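Handing you a structure now.
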Amino acid sequence: DTGVAEEGYDDERGMKYINEVMNSDKPVEFEWKVQGDDGQSHLMEVHGTAAEINGEPRYLAIGREITDRKRRERAIETLQEATDRLQTATTPEEVATIAVETASSVLDLPMAICWFYDEDDVGLEPAAATASVHDAGLVSELSPGRYEYEVFTNGAVTEYTPSEQAGDNPLETGVLLPLGEYGLLAAGAHEDARADGTILDVAKALTDHVTTALDRVEQAQAVRESERRFRMIAERIDEVIYLAEPDFSEVLYVNPAYEEIWGRPIDMLEENPKAFIEAADTRDRDALESDIEAMVEEI
């Protein structure tokens, strides 16, 4: 096996490690990537030590492959980073973009795409995809009857060979990750590259985080829509709507009708939420204040 020079594991770097080992009275541990007979790169954890053999100083190295371990560690770190990003996402499209980037990285599969369920068209519409999917012209909707759509319906994480399910699909490796009622996340590659169980578990955890993020975004959008409808109604009626904290420490909302009916600017309520009392007839003011205090106490 030889070092992978294009990734920096060349003779110069190797001699640096050897010299470090030979000049140390303790074993030296480092990582080294080699090119195997199978043409694949393999990451090794090497323990190098200086030894004397037949009276001559020698360099002794013991290595073990850690490619899979490093891939798993990287997958978990990627998931943690994605979780932080998902917590600040504000739109379904932003969540989908984070999902495809993370799925591609975690599964080490370059072709990743996310579809959202469209109940009007009864199909899955593409929401985000990696650049390689766009470049290959593989961005398309999924309709009932397609294998991928059936996996979305069944809701189980599935490894499969895309080219066997559809003659126009050039991919040999695929992983399908259903996102509950929201849609489907998929990642694939042109070559056969199956993921191990730990990596798949990380990918499954990703779907949980993505689904949670979509729940949160949907709820936030519902709240914003509710507020929009409330304001649309409140600003068009001729009755005062006044919302404040129960102890009148802060005004939350007052509709424009307040200024017309009470003859006072809304800005005054920001400084003193009870400023409206001053507009009451002096003969009624004591009773009004008493009623408000009783209401606050009851609340």
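The values are calculated or read from the model by the stated rules, or taken from the named source; none is laboratory data. A quick note: this is a predicted structure, and the numbers were derived from the prediction, not measured. Backbone-built Cβ (ideal geometry, glycine too); neighbour counts: all protein chains shown. Note: areas computed on protein heavy atoms with side chains; ligands, DNA, RNA excluded. Shrake-Rupley method; radii C 1.70, N 1.55, O 1.52, S 1.80 Å.
Conditions: (1) out of contact with any Lys or Arg (no Cβ under 8 Å at 6 or more places or on another chain); (2) at pLDDT 90 or above; (3) open to solvent by less than 70 Å² (accessible area, probe 1.4 Å). Val296 meets all but one. Number of the miss?
Checking Val296 against (1) out of contact with any Lys or Arg (no Cβ under 8 Å at 6 or more places or on another chain); (2) at pLDDT 90 or above; (3) open to solvent by less than 70 Å² (accessible area, probe 1.4 Å), the one that fails is (2).
Test Thr130 against the criterion of being at pLDDT 95 or above and either surrounded by 13 or more Cβ atoms within 10 Å (Cβ to Cβ) or among the aliphatic types (A, V, I, L, M) (or both), and give yes or no.
So Thr130 passes the test.
OK, next. Scan the strands (runs of 3 or more DSSP E) fully inside region 183-293 and keep the ones with 3 or more residues being hydrophobic (A, V, I, L, M, F, W, C), buried (at least 16 other Cβ atoms within 10 Å of the Cβ) and under 21 Å from the mean Cα position of the chain (by Cα).
183-189
Given the condition open to solvent by less than 60 Å² (accessible area, probe 1.4 Å), polar (S, T, N, Q) and modelled with pLDDT of 95 or more, answer yes or no: does some residue in region 146-160 qualify?
Looking for residues that are open to solvent by less than 60 Å² (accessible area, probe 1.4 Å), polar (S, T, N, Q) and modelled with pLDDT of 95 or more, one finds none in region 146-160, hence no.
A follow-up question, please. Would you please list the contacts, defined by Cβ atoms under 9 Å and residues six or more apart or on different chains, that run from a residue in region 259-282 that is closer than 15 Å to Ser249 by Cβ to a residue that is surrounded by fewer than 12 Cβ atoms within 10 Å (Cβ to Cβ) and of a type in the set (S, T, N, Q)?
Pro273/Ser249
Just the residues that are over 21 Å from Glu52 (Cβ atoms) and either open to solvent by less than 40 Å² (accessible area, probe 1.4 Å) or modelled with pLDDT of 85 or more (or both), please, taken from region 14-31.
Within region 14-31, the subset over 21 Å from Glu52 (Cβ atoms) is 14, 16, 30-31.
Gly14, Lys16, Phe30 - these are the residues of region 14-31 that are over 21 Å from Glu52 (Cβ atoms) and either open to solvent by less than 40 Å² (accessible area, probe 1.4 Å) or modelled with pLDDT of 85 or more (or both).
Additional query: Which fully enclosed strands (runs of 3 or more DSSP E) of region 40-136 have 2 or more residues being closer than 30 Å to Gly8 by Cβ?
Where strands (runs of 3 or more DSSP E) fall fully within region 40-136 and carry at least 2 residues being closer than 30 Å to Gly8 by Cβ, they are 41-53, 56-65, 111-118.
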